[in-house]
Amino acid sequence: MVSVLLVGTISPDTGSRKMRVWSRDCVHQSTSENIAGIEQALAWKPSGSLIASTIRRPNKHEVIFFEKNGLHHGEFTLPFGVKDVKVKEVLWNMESTVLAVWCEDLQEEEANKVPKSYVQLWTCGNYHWYLKQSLHFNGLEKERVVAVEWDPEQAYRLHIICGGGKYLQYTWSWATISSTGKSEDDPTIVSVIDGDRVLMTPTRDMVVPPPMSAYYIHLPCTVNSLAFCQGTQTHDVAILTVDNKIALYKFQDNKDVDRSIKFDAAGGNMFSVCCKTPTCTGIFRIKGQPEDQTRYPLMIQHLTWLKDDLMIFSCTDTQTGQNSVIMTAELETMDEDKCFVIKSRTPVESFIYKMAVSCETGHVAVQLIDGTVLKFNPANEMIMPWETSGGMELHLPLPCTQMSVCNIGGEEVVIGLTERYRFYVNDIEVASNCTSFAVHDEFLLLTTLTHTCRCICRKTKVNVLPTLSDGKAHPFDESIRRVERGSRIVCVVPDDTKLVLQMPRGNLETIHPRALVLSAVRKRLDKLQFKDAMVIMRKHRINLNLIYDHSPENFLNNVETFVNQISSVNQINLFLTDLQEEDVTVIMYTAAYDRNPDTLDDTQDKPSKIDIVCDAVRHALKNIDENKYLLSILTAYVKKTTPELESALLLVKHLRDHPSDSHAVNAEETLKYLLFLVDVNQMFDVALGTYDFDLVLLVAEKSHKDPKEYIPFLNNLRRLKEPYKNFVIEKHLKRYDKALQHVSKCGDEHFPECISLVQEHKLYTESLLLFPVSSQHYKDLSKLYGDYLVEKRRHDEAGIMYIKAEEWKLALDAFTDCCNWRQVFCMTAKLKYQTDTETDIARKLAAELKSKRQHSDAAQVLLQYANDVEEAIVCLIEGCQWDEALRVMYKHNRTDFIETDLKSALVDNYETMLESLVSMQAEFEKYRSRLKVVRVEKEKARIEFMESGGVAGADSDLFSDTSSATGESIQSSQYTVDSSRSTVYSKISGRSAKNQRKADHKRWKLKEGSQFEDLALIAAMSKLIKAVDEMKNEMNMLLKALVQFHYDEKAKELQTKYDKFLTLIEKSIPEVWLQETEESTTQPVLGPMTTANSIAQAVQKGATVKSQETQGKRHTCYM
């Protein structure tokens, strides 16, 4: 509905034109000032308050803009003379982005000739108006334009009616034209059409926002389209002008600048040129076109330069008017009339909407207006359907205004983007919010309506590409970064890190996505271009550890190449100081490398990465030029995990003692740098450890120490003699191992200090290696070591030390305390004890051994050293050693013990064993029944939780680790994360170890209804099974003894009970320890031979405890 009305009238008083604005109620709102020369054409911008008109000034013809209140608001000049044309109409398209200017030739109209018609399309960007398209109609009555109108639905569709009733429909789309080279030699030129000028900017060297440029090509007439070569010279350009001629501009080794090349400030000035420029090799006409195809403008569409001398383009079939024709044209230079000659015409079934060429294979993809994609072969002029890897003919769901062909996931695909932001790879919709895209040699780059730039790896399979319209991160995105609102991709520079974006206003921005940066670094490291890689890494703050972590073997094999390329001492020092043990390809740049972290056990066995790199670089520096790289060598010494400060200080000492002009730095500068890396007090101690007091003073002078403190100390040391002086120094430095070595050489007078040092710092083992075995010092130290071991209650080891010290009585006491009865009687023999004394010792030892349930040893002591057969037999019966007891009875003719002691002990042991079996079986059945109930309850709760649509994590404590073995997990995700990779480098939780132990202890309580009751029940049953298995040897001996003395019924009963219990356990194992599914391989599997501690450790570590079946065989006694 019209809200305001604009009327342009000529004032009868002044004769000048005025514009008046009226409301819908015919209320006058504003009147413009008198404007001389303004013409009748008027157009109100649909999406704004601007009014477009034309004005003829004394020296130029302009399109002028006014605001609603009549104020002047900008203009641009038409490319005609003042009296050349008259403007019939100016028309805005529905999106207010394109202004059409319809003109007619004024001079021919005055001469009563049919005037030529012109329709020009103008767009605005960065406050500059560009002439993008120009349609020239011949001066024939049938071809004279009589009506021009924009389509009300399609923003870039224009309808034109000619005088002879001919109807023409033109549909345009936006396209960014840039060279498509894939090597670092390609300058990645971006071109912009502006009337008879083509603005050219090599974005590899500079980024210049239009309307400025590095340089521009000035053509004789207006430019309608252009194309970069797809052959070897990808930055050569072909320009199609309004008169259907093609101008070729090629980059040649010519120092002279072509006359048609004009420079802006960015590309150079009158004194120098900042970039290479092309040379015009000719402007060629196209020979062989039907006459009816040259009668109307823009009959040549989709110009593509395949090779140096081969062009393809499409034309409308003027005979049918219902389809397009693909034409190939070759450049012929043999005749004087050089031109492009049409060699073939291939009709297609419909109108061509878009054409694209693969830079990798050279295949030409042709998209029709219905979305069908065809493959055209210029060699044999054949056109056939484009087939996907599955053998299906490709049909895009919607026509795509932007199209490209590339390889993704090992498959050649067609990529398309519609006007409504739908992005397709073949017929798969990858995104519904994509605003622009570009193809990099490793990535597919997209900008989205959520103002992000996404980089998708081209190795990703087409069928697993995620839908990116949800705005979330996905595992196939190498990098996601925020960009300015409305950003569109202009180009991506090949073999570089630049991605050029254009803002809605028209200005340009260059960003460096992390995926492109890492790609460039990887390529240069693979090519051993360490310097170029390091420049990129420093510029974009990439961790320098990547130089090594990218390929450790490659780096170590080419360390000297690395040093020679870097050359700078400061940069080598920077690389060394940044070293860290972690692999940055695992912890920082996981998406770019996709490497699994090593397990903790493996990393503990590996040598230090820092030490490996420091040693390799230091050796290379020494081999190349030790004098030049002195500071870097010092850095390599200091950076090691155990800094070799003494070696670094000795290097400073060498410089001080042997000064030379060939050294890059002197000793003082070297020491100053070393003290920058290391704390000066630490270096003072290291210097002191060299025993060079001059070096100590040199370091002390650079410190903040008071000379009154260290000079008296040094003077006192000077007065001492070696090796005692060295002992004092090492003791002061708390290097007690070295101090012990020096004091051991100081003689008897300083031996008390040696003993004091050994006792204070527990250096017993080290001290014994420093003295001869036969020396008294060795024996004294052995006795001290024995005393220390006795304090630690390590009596057996203490006895050995007393033997070395020849302290037999002390050794006897030590062996007695640990019940080592064999060594005890060795010592009694050494001490030549009497028989009575040995007997007393034997009885005391036997009593101690019996208390420790070592009845066999106790019986041997009583027999051999106390000569007490009766007590030995009783001891063996108490220990259930039935066979050995019988042997001793028959040997010493004391079979009376069979009736008095043995049989009654057998019956008592039978009753005890039977009672234990009954009790354990009852407990086992109780636990098994309860476990079934618990599992049913938890499975029921899990199902209810899932049916209610609960969120995982809300009541996660409801389910234990083992309950998941009975069914699938509560929550699944389309995109999962490897938990092992995310937790290897995680930090320990804030709970203390003590609290952790308390929590673990509570977890295994057999309390009904507790969270981990099922685990506690399994652990309890595991203990019972282990106890039953341990009874097998004792059961075997008891059964045989019962049968031997005719207790057959008792033996049968006991064996039957034991056998039934074992059978129950075997049947229960599959019920208690469920079989694991493939989805729950990380859940702990518990077995009958595991313990409560092993189960707890397995749950804490996330490890899998392998079940172990009972290996003990049942012992059956046949009667």
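The values are calculated or read from the model by the stated rules, or taken from the named source; none is laboratory data. Since this is a predicted model, take the numbers as computed values, not measurements. Every residue, glycine among them, receives a Cβ derived from its backbone with ideal geometry; neighbour counts consider all protein chains shown. Just so you know, the surface numbers come from the protein's heavy atoms only, side chains and all, with ligands and any DNA or RNA stripped out. Shrake-Rupley method; radii C 1.70, N 1.55, O 1.52, S 1.80 Å.
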Mean shadow area (nm²) of the C-alpha convex hull around segment 296-340 is 3.9 nm²
The equivalent-ellipsoid semi-axes of segment 39-94, taken as the square roots of five times the Cα gyration tensor eigenvalues and listed largest first in whole Å, are 20, 12, 8
Scalar couplings 3J(HN,Hα) for segment 24-29 by Karplus 6.51 cos²θ - 1.76 cosθ + 1.60 (θ = phi - 60°), nearest whole Hz, x for Gly and Pro, are 5, 8, 6, 9, 5, 9
Percent of all alpha-carbon pairs of segment 535-660 at distances over 22 Å, whole number, is 39 percent
With N residues in the chain, Rg(alpha-carbon) / (2.2 N^0.38 Å) equals 1.51
Probe 1.4 Å, heavy atoms of protein chains only: per residue, the accessible area of the chain in Å² is 51 Å²
Residues whose modelled amide H sits under 5 Å from the amide H of residue 490, counting only those 5 or more places away in sequence or on another chain, are 500, 501, 502
For residue 662 and residue 292, extending 7 Å from Cα along the Cα-Cβ vector and measuring point to point gives, in nm, a value of 9.0 nm
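At a 10 angstrom cut-off on C-beta neighbours, averaged per residue, how do the peptides 209-219, 80-90 rank from highest to lowest?
Order by mean packing, descending: 209-219, 80-90.
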Cα pairs beyond 20 Å in segment 119-259, in percent, come to 56 percent
Unit-weight point scatterers at every alpha-carbon of segment 616-679, Debye formula, q = 0.18, 0.26 1/Å: log10 I(q)/I(0) is -0.59, -1.21
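FRET efficiency for residue 541 and residue 587, Cβ-Cβ distance as r, R0 = 25 Å, nearest 0.05?
Numbers: r = 16 Å, r/R0 = 0.63.
Result of the calculation: an efficiency of 0.95.
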Sorting 522, 541, 853, 481 on solvent-accessible surface, 1.4 Å probe, most exposed first, gives 541, 853, 481, 522
Of the listed pairs 762/804; 809/844; 461/527; 609/639; 1023/1067, those with alpha carbons more than 20 Å apart are 461/527
Relative contact order of segment 713-821 (C-alpha contacts under 8 Å, at least 6 apart) in percent is 14 percent
The lysines whose Cα lies under 29 Å from the Cα of residue 142, excluding any fewer than 8 residues away in the same chain, are 83, 86, 88, 113, 116, 132, 166, 245, 287
Note: segment 1-98 at 20 °C, 1.002 mPa s; Kirkwood Rh on alpha carbon pairs; Stokes-Einstein D in µm²/s works out to 152 µm²/s
For residue 790, the net charge from surrounding residues (Cβ-Cβ under 9 Å; K, R +1; D, E -1) works out to -1
For segment 54-134, the percent of all C-alpha pairs falling in each 5 Å bin, from 0 up to the bin holding the max distance, is 3, 14, 23, 26, 18, 10, 5, 2, 0
Length gained if residue 907 through residue 40 is fully extended, taking 0.36 nm per residue and subtracting the Cα-Cα distance, is 299.1 nm
Simple SL model, points at 7 angstrom along Cα→Cβ for residue 212 and residue 338; separation in nm is 3.5 nm
With all protein chains present and a 1.4 Å probe, the order of 372, 447 from largest accessible area down is 372, 447
Rounded to a whole %, the carbon-and-sulfur portion of the accessible area of segment 589-727 at a 1.4 Å probe is 47 percent
Sorted largest first, the C-alpha extents of segment 390-465 along its principal axes in whole angstrom are 36, 26, 19
Counting Lys and Arg as +1 and Asp and Glu as -1 over every other residue whose Cβ sits under 13 Å from the Cβ of residue 441, the net charge comes to -1
Taking every C-alpha to C-alpha distance in segment 230-358 and binning by 10 Å from 0, the per-bin percentages run 11, 37, 30, 16, 6, 1
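What FRET efficiency do you get for residue 176 and residue 558 if R0 is 45 Å and r is their Cβ-Cβ distance, rounded to the nearest 0.05?
My answer for the efficiency is 0.65.
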Among segment 228-244, those whose backbone N falls under 20 Å of a label point 7 Å along Cα→Cβ from residue 184 are 233-235
Under a 1.4 Å probe, counting only protein heavy atoms, residue 568 has an accessible area in Å², nearest 10, of 40 Å²
1/(1 + (r/R0)^6) with r = Cβ-Cβ of residue 918 and residue 594, R0 = 51 Å, i.e. FRET efficiency to nearest 0.05, evaluates to 0.30
Sorting 808, 1073 on solvent-accessible surface, 1.4 Å probe, most exposed first, gives 808, 1073
Here the Kirkwood hydrodynamic radius of segment 504-596, Cα-based and in Å, equals 14.1 Å
The percentage of Cα-Cα pairs in segment 96-163 separated by more than 18 Å is 44 percent
Per principal axis, largest first, the Cα atoms of segment 765-883 extend in Å by 53, 28, 21
Once all protein chains are kept in place, residue 1039 shows an accessible area at probe 1.4 Å, nearest 10 Å², of 0 Å²
Segment 413-452 -> Rg/Rh from Cα coords, Kirkwood Rh, value 0.94
SASA check, residue 114, accessible area w/ 1.4 Å probe, all protein chains in place, rounded to nearest 10 Å², comes out at 40 Å²
